[in-house]
Structures are given as C-alpha cells and as structure tokens.
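Encoded as structure tokens, the structure appears first; notes follow it.
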C-alpha cells in the first residue's frame with residue numbers, strides 16, 4: 001500500500017494561518033485604498049488599474065504559497081510503502097463430488113448438485129492459500145481439476161460440471177480412490193479429501209472402505225458428507241412425457257460414510273438442506289485451518305525536497321521582483 005504520511009503532523013495546524021493572512025491582507029488593502037470623492041473628477045472613475053497594482057497582489061500570492069509549502073516541509077511528508085511476506089503451512093484439499101442423476105433431486109434449492117457446487121465455490125474462495133483440486137464421480141470417476149493454487153480456474157471448472165457428463169451410477173470407492181491418487185504424493189503438512197455423495201455405492205471396481213484404507217496409508221484425512229433430506233425427496237424420473245419428479249425414499253449409506261471418516265481421522269456430516277450444507281463446510285473450514293505467518297515491512301521515503309524547492313524558488317522570485325521591477329515602479 002502506498003501513501004503520503006507526515007512524520008510531524010502537528011505542524012499542519014499552522015496552515016490555519018494562511019486564511020488569517022489572506023483576511024488581514026484584504027482588510028489592509030481596503031484601508032489603504034480608500035476612495036476620495038471630489039466633484040468634477042468623474043473622468044477618473046474608470047481609470048484602469050496599473051501593472052504595479054496587479055504585481056503587488058501576485059507577490060503576496062507567491063509569499064503565501066511559499067509559506068504554506070514551508071509548513072508542509074516542517075511536517076515532513078513521507079511516502080510509505082508497505083508490503084507483506086506470507087508463509088503458510090499448506091493444506092492440500094481434494095473435493096470429490098457425486099454428480100449422479102440423483103443429485104438433481106429437488107430437496108435442495110435449486111437441486112442437490114447446484115447447491116453443492118455453490119457452497120463448494122464459497123469454500124474454495126475462502127481459502128486463498130491452500131492448493132485445491134476437484135474429482136467428480138457417478139458410474140465412474142475422473143479428475144476435473146488437479147491440485148492448484150489458481151482458484152479462479154478451479155471455480156470455473158466447478159461451474160462447468162453437470163449430471164450426465166459420465167455414465168450414471170454411484171461409484172463412491174472409485175471417486176475416493178481417484179482423489180487419493182491425486183493427493184497422495186503431496187508434500188503438504190495436511191492432506192484432506194472432502195467426499196460428498198447422496199447415495200449408496202453401486203458401481204465401480206473399488207470398494208469404498210478399501211479406498212479408505214489406502215487413504216489412511218498415505219496419511220490422508222477424509223471428511224464425508226451425506227446430502228439429502230430425511231424421508232422422501234422429489235427425484236427426476238424419465239417418462240414418455242419427459243422428465244418428471246416423483247417423491248422417492250432418500251437412501252444414503254451413512255454407515256459406510258462414517259466408517260470412511262473414522263478410518264482416516266475425519267468426520268462424517270449429514271446435510272439435509274442448503275443451510276445445513278453451508279454449516280457443514282463452515283465446520284470443515286474451522287477444523288482445517290492453515291497456519292499463516294504474515295510479516296509486514298514498511299519503507300518510508302522523505303518527500304520534503306520538492307515542496308521546499310518550490311517554496312525557495314517562489315521566495316527568490318518575490319525578492320527579485322521587489323528589488324527590481326517594484327523598485328523601478330516606485
């Protein structure tokens with residue numbers, strides 16, 4: 001941050017003398033230029049002011065500005081440059097997001113998938129110093145974005161995901177295993193996976209608990225989130241008349257999600273609506289805080305030279321005019 005500060009700001013109060021000087025000068029001019037009214041001298045009423053008359057005012061302006069600049073010099077103006085060194089004990093975080101067809105259920109607004117994307121985006125934006133990445137899964141899994149500190153790219157890729165990108169289903173084990181493979185070689189102090197799903201593992205060639213064991217081996221902590229209301233929810237169903245929504249039972253394999261979290265030192269959360277999902281990410285954000293050391297440096301550069309130089313030139317010019325031009329006119 002750059003700006004002008006003053007080492008001796010109390011001297012700036014002397015600037016209040018400037019209006020007083022101007023007022024005194026105006027009053028003195030009125031007293032010393034009183035008009036003399038005499039009959040028969042009307043022809044002198046429109047007489048133009050002389051060059052000396054205007055020059056006298058100019059010299060006063062120069063002196064006043066010079067005094068104001070000298071007061072500023074006394075206050076010692078300084079340019080202040082501040083900058084920071086930020087060091088972090090980084091946390092690497094992979095988001096593993098379920099994008100199966102059931103994530104279009106309308107028990108969240110506008111649906112589970114869009115609500116999850118919105119909250120995850122806020123979570124990413126709130127952690128500027130962490131590397132983060134994104135894995136998506138349904139019937140299979142793939143890496144949407146590897147670990148990166150370019151959160152703008154990650155957020156843009158987050159916005160592009162939608163249900164139907166890959167074969168439908170819920171391969172929780174594959175999604176977790178893909179996330180593990182992307183973060184296992186990280187040298188970060190803390191390695192974290194946030195796995196969000198709304199269903200039961202029914203696809204893939206890797207069992208969820210097997211993937212959890214692998215994560216535990218590499219020291220990766222997994223937070224699991226089950227998304228869906230309790231009871232029934234309006235799910236999208238394809239009919240001859242297009243997509244319609246029917247109330248169907250919400251089935252989340254909470255036992256498996258709890259065990260995944262337990263095996264890896266994480267925590268299982270259940271989000272039943274938009275507000276609860278926001279609270280879940282806020283809780284994870286508190287649990288996984290980066291250690292940030294901020295060192296602030298300040299550099300000050302004196303800036304009195306220019307105003308003092310201008311003031312000197314003005315005072316010299318005023319003195320020169322008084323001993324030359326003004327003297328010849330008097």
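The values are calculated or read from the model by the stated rules, or taken from the named source; none is laboratory data. No experiment lies behind these values; they were computed from the predicted model shown. Backbone-built Cβ (ideal geometry, glycine too); neighbour counts: all protein chains shown.
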In this structure, is residue 315 modelled with pLDDT under 85, assigned to a helix (DSSP H, G or I) and surrounded by 14 or more Cβ atoms within 10 Å (Cβ to Cβ)?
-> no
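When you check residue 250 against the structure, is it assigned by TED's automatic domain parsing to the domain that holds residue 185 and more than 18 Å from residue 94 (Cα to Cα), yes or no?
Details: assigned by TED's automatic domain parsing to the domain that holds residue 185: yes; more than 18 Å from residue 94 (Cα to Cα): yes.
Yes.
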Can you spot a residue in segment 236-243 that is over 30 Å from residue 147 (Cβ atoms), in contact with a helix residue (DSSP H, G or I) (Cβ under 6 Å, 6 or more places away or on another chain) and part of a strand (DSSP E or B)?
-> yes
Which of the residues that make up segment 200-223 are within 16 Å of residue 182 (Cα to Cα), out of contact with any helix residue (DSSP H, G or I) (no Cβ under 8 Å at 6 or more places or on another chain) and in a loop (DSSP other than H, G, I, E, B)?
-> 219
Within segment 253-271, can one find any residue that is outside any loop (DSSP other than H, G, I, E, B) and exposed (fewer than 13 other Cβ atoms within 10 Å of the Cβ)?
-> yes
Segment 286-300: number of residues that are modelled with pLDDT of 80 or more and exposed (fewer than 10 other Cβ atoms within 10 Å of the Cβ) | 1
Condition met for residue 309 (modelled with pLDDT under 95 and over 24 Å from residue 125 (Cβ atoms)) | yes
Inside segment 105-114, can you point out the residues that are surrounded by fewer than 21 Cβ atoms within 10 Å (Cβ to Cβ) and under 23 Å from residue 174 (Cα atoms)?
-> 114
Among the candidates 134, 147, 154, single out the residue that is crowded, with 19+ Cβ neighbours inside 10 Å, without any contact (Cβ under 8 Å) to a residue 40 or more places away in the chain and touching a strand residue (DSSP E or B) at 6+ places or on another chain (Cβ under 7 Å).
-> 154
